């Protein structure tokens, strides 16, 4: 399956149950990079609009670049109230944006799907001088609690290609993007609290879990219910994240 098609049948759950990003990110970027409400943002791999909304709330104009039709349409629906959001059917390596037109390139939960060398050429083309590249990931903590350990075990047991995607996501492509300019890293803690329905939706938002009709689907949900029943506190379980921000210049 092409990376651009992986989430086509996951959009509803992705929109409802994927984590947003810590509110501290915007004040951090204001302090460390000089982010202004007037800064022009290109959100590359903008998906369902989760990351774009973070900047739209700050008053920024955001160009959402997303090749997946279903995810792009979900973002356009979610972000319809923001007149400064502009959606484009394009890819990281060919954004359709004008030369020297962007102050900040943002890629949230998406950069590992890009061709880093081709993306670097394109990002350099569209960035203004001293423009910033911001790469964001919510990285789920794997073993901080007994519930998280059990959840990770479930993914390895039932995931269709979980191990392959996990390894792919960890490829060391970030230095290829920034090259001699280098980059900085900042981390925040983040969490989601779910009842069982929310936890199920969060699980099914992942492209590496079996969908309805797969022989493993019902078995996976049964195992998820068992994990939830064993580990919930007052009807809730927590997914914990380390939110990582890689940021720097390309020129």
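The values are calculated or read from the model by the stated rules, or taken from the named source; none is laboratory data. The structure displayed is predicted, hence computed values, not measured ones. Virtual Cβ from ideal backbone geometry, glycine too; neighbours counted across all protein chains shown.
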Among the residues of the range 174-186, how many are exposed (fewer than 13 other Cβ atoms within 10 Å of the Cβ) and either in a strand (DSSP E or B) or in contact (Cβ under 8 Å) with a residue 40 or more places away in the chain (or both)?
4
Selected residue [buried (at least 19 other Cβ atoms within 10 Å of the Cβ), part of a loop (DSSP other than H, G, I, E, B) and modelled with pLDDT of 95 or more] from 38, 46:
46
Please go through (1) at pLDDT 95 or above; (2) in contact with a helix residue (DSSP H, G or I) (Cβ under 9 Å, 6 or more places away or on another chain) for residue 158 and return the number of the only condition it doesn't satisfy.
(1)
With respect to residue 28, determine if the residue is modelled with pLDDT of 95 or more, crowded, with 21+ Cβ neighbours inside 10 Å and either part of a helix (DSSP H, G or I) or touching a strand residue (DSSP E or B) at 6+ places or on another chain (Cβ under 9 Å) (or both).
no
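Of the residues 213, 131, only one is in a loop (DSSP other than H, G, I, E, B) and more than 20 Å from residue 17 (Cβ to Cβ); which? Step through it out loud before you land on a result.
Details: 131 fails: in a loop (DSSP other than H, G, I, E, B).
The unique qualifying residue is 213.
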Got a number for residues in the range 95-123 being assigned to a helix (DSSP H, G or I), modelled with pLDDT of 95 or more and either crowded, with 17+ Cβ neighbours inside 10 Å or touching a strand residue (DSSP E or B) at 6+ places or on another chain (Cβ under 8 Å) (or both)?
4
Test set (1) closer than 30 Å to residue 129 by Cβ; (2) exposed (fewer than 15 other Cβ atoms within 10 Å of the Cβ); (3) modelled with pLDDT of 95 or more - residue 195 fails condition number
(1)
Against the conditions (1) closer than 17 Å to residue 245 by Cβ; (2) at pLDDT below 95, where does residue 184 fall short? Just the number, please.
(2)
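Taking the stated definitions as given, is residue 224 in a helix (DSSP H, G or I), touching a helix residue (DSSP H, G or I) at 6+ places or on another chain (Cβ under 7 Å) and modelled with pLDDT of 95 or more?
Numbers: in a helix (DSSP H, G or I): yes; touching a helix residue (DSSP H, G or I) at 6+ places or on another chain (Cβ under 7 Å): yes; modelled with pLDDT of 95 or more: yes.
Yes.
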Take residue 64 and tell me if it is touching a strand residue (DSSP E or B) at 6+ places or on another chain (Cβ under 7 Å), in contact (Cβ under 8 Å) with a residue 40 or more places away in the chain and within 23 Å of residue 127 (Cβ to Cβ).
no
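Test residue 70 against the stated conditions and say whether it is in contact with a helix residue (DSSP H, G or I) (Cβ under 8 Å, 6 or more places away or on another chain), at pLDDT below 95 and closer than 19 Å to residue 11 by Cα. Walk me through how you get there before you give the answer.
Numbers: in contact with a helix residue (DSSP H, G or I) (Cβ under 8 Å, 6 or more places away or on another chain): yes; at pLDDT below 95: yes; closer than 19 Å to residue 11 by Cα: yes.
Criteria met by residue 70.
Residues checked against (1) within 15 Å of the chain's Cα centre (by Cα); (2) over 30 Å from residue 116 (Cβ atoms):
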residue: 185; (1), (2): no, no
residue: 200; (1), (2): no, yes
residue: 207; (1), (2): yes, no
residue: 217; (1), (2): no, yes
residue: 241; (1), (2): yes, no
residue: 246; (1), (2): yes, no
residue: 251; (1), (2): no, no
Out of everything in the range 145-162 that is touching a residue at least 60 places away in the same chain (Cβ under 8 Å) and surrounded by 14 or more Cβ atoms within 10 Å (Cβ to Cβ), what residue ends up being farthest from residue 186 (Cα to Cα)?
158
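Sort through 137, 132 and tell me the only one that's at pLDDT below 95, touching a strand residue (DSSP E or B) at 6+ places or on another chain (Cβ under 8 Å) and closer than 28 Å to residue 182 by Cβ.
137
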Going through the range 75-90 one residue at a time, which ones are surrounded by 21 or more Cβ atoms within 10 Å (Cβ to Cβ) and either at pLDDT below 95 or closer than 10 Å to residue 46 by Cα (or both)?
75
